[in-house]
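Have a look at the structure below before the remarks.
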């Protein structure tokens, strides 16, 4: 229903567009996925990075070269037109001069009247209607497509706001730098060569100021452009840091308010803003020097050409027509030089932004599927950890070793509880099973299939997980639940919500835009819902997914006792026929598991049922005693009764 509506809406929009605009706007086709992009992503070398994207739409850039050439050549006719008119008015026999010059003047007038507007409109259609929307979106989409497939540590090691800022700004800066190069540099080259050739044809001495100016102009660019590029890159990096810190504050606004740390956040953000201001100031100082120097160069070009023209005219070596043609030529060149210099400056400023963006976009994927990777086929749900070693960071560089020679066999349909102090390796074990990291030694298999030999998508599709820190998408409740199975019907979504005891509160929801029930939006990270409500929506999502392997990481920690008891009943049903791994710090919640695995410092130190481990009198018994001592007598009695019934 939604897809059809979107398609119809797009059709209605395009129906209002003239065919001419639609032709140019569709030169860059929409793409479901950039099939040519590998796990390596765009190359990190600057020129190769540019070419990676330019080659996909090189026809549009060639069209811009053609239209830019046309506009530049036509613009050289304007000084000729003015010069001929001045010569005509200065003629001793105006009638004869008009008869001789009339066809040429008429032809130039027609080109200026018809040809120039046509070329400018065509150039605008290519640039504004094809390149700007199409190319910008293509670069952003392919950059996002690559970045979103990075491993979890990639995002954990940077600000989300900074990554997003780089993806958005890099596309715009790349487009602008290429467009400006085609328009400005190409224009000044064509116009400058045409003007220089024309001056040489009049009198070689007239070209002396322009030749000197060209040499000085190239030296000017060579000095200023690299410095402005470096200053722009520094400014862009500082801006990205500001964006990262601001977004970090907004994302964690409740923490900021709960701890009354607004002033600290002010200082944290202001520090980056002050640094950014300093970078901008340095950049603008260079810009002012840039414009002042250029203005002097241009003034010298005009005055020098005027002086030589008057000297040659006074000596009757050139006609007034040549003077009237030469001065507008150099005046237009000096005006264009300012524009082109600014564009060239902008080109290198944008190159600086692109260089900064490469740091996030042109990063090869750390976790990649092998070319021979196949789909995971879960027939039983047998999980084996065989001699697994893992550390965060390189061991040789002082990385933290977490797992050493760990062996664990979870039989098909077995329910296993992982227990241990914080840092014992429980979450690491789960992350390795989900292949958020690769093992450094040993292997992990599901039904005999090494996880490194199957695709990550198929692996995670076979695992349902409910985490303690539940995060929802800023979309409707229905969309959040349907994330577990996109093809689920509304009835199936509602049924999953009922099983998770979420239907009642969902039916009463109303968001800031007036949407109600399942269409109400959850807010960023589900901020509009309580912790217990978020966890029930997450449970509904996993219930709907119905994966053969289930991971519960403190799955009921945010629920009140009454709801938790009801959810536990649903979890028993949910766990039937599945291989289950459960993590909980409250031992009472996982005491009913078939087997409990106690971890300490990356090793398994005890295994067995609840009763077996209590009788053993080791780590688990001490943990159980410590936790039980904190319960009220009535709660402890109920817990022990529940455990006794379960183990019986």
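A few comments on the model shown:
- Chain lengthening between residue 389 and residue 296 when straightened (0.36 nm per residue, less Cα-Cα): 26.7 nm
- Per residue, the convex hull spanned by the alpha carbons of segment 250-391 comes to 314 Å³.
- For segment 31-361, the fraction of C-alpha pairs more than 24 angstrom apart is 65%.
- Here r is the Cβ-Cβ distance between residue 287 and residue 401 and R0 is 51 Å; the resulting FRET efficiency, rounded to 0.05, is 0.45.
- Full-extension gain in nm, residue 109 to residue 200, via 0.36 nm per residue minus C-alpha separation: 30.3 nm
- Stretched out straight at 0.36 nm per residue, the stretch from residue 524 to residue 48 would grow longer than its current Cα-Cα span by 167.7 nm.
- Pairwise Cα inverse-distance average, inverted: Kirkwood Rh of segment 125-258 (Å): 18.9 Å
- Inter-label distance, residue 495 to residue 461: 2.1 nm, where each label sits 7 Å from its Cα along the C-beta direction.
- Computed FRET value (nearest 0.05) for residue 512 with residue 66, which takes r as the C-beta separation and R₀ as 60 Å: 0.75
- Here the label points at residue 595 and residue 332, each 7 Å from Cα along the C-beta direction, are separated by 8.5 nm in the simple model.
- Taking the three principal axes of the alpha carbon atoms in segment 434-498, the coordinate ranges are 44, 24, 17 Å, sorted in descending order.
- Length-normalised contact order for segment 31-361 - Cα pairs under 8 Å, 6+ apart - percent: 32 percent
- Fewest-first ranking of 222, 485, 415, 515, using other Cβ atoms within 10 Å as the exposure measure: 222, 515, 485, 415
- For 539, 122, 433, 616, order by how many other beta-carbon atoms lie within 10 Å, fewest first: 616, 122, 433, 539
- Relative to its Kirkwood radius, the Cα radius of gyration of segment 111-188 gives an Rg/Rh of 1.20.
- Distance between modelled label sites at residue 310 and residue 626, nm, 7 Å Cα→Cβ extension: 9.6 nm
- Theoretical FRET efficiency, 1/(1+(r/R0)^6), r = Cβ-Cβ of residue 273 and residue 615, R0 51 Å, to 0.05: 0.25
Every number in this text was worked out from the coordinates using simple rules, so none of it is lab data. Because the structure is predicted, anything quoted here is derived from the model rather than measured. All Cβ positions, even for glycine, are placed from backbone atoms using ideal geometry, and neighbour counts span all protein chains on display.
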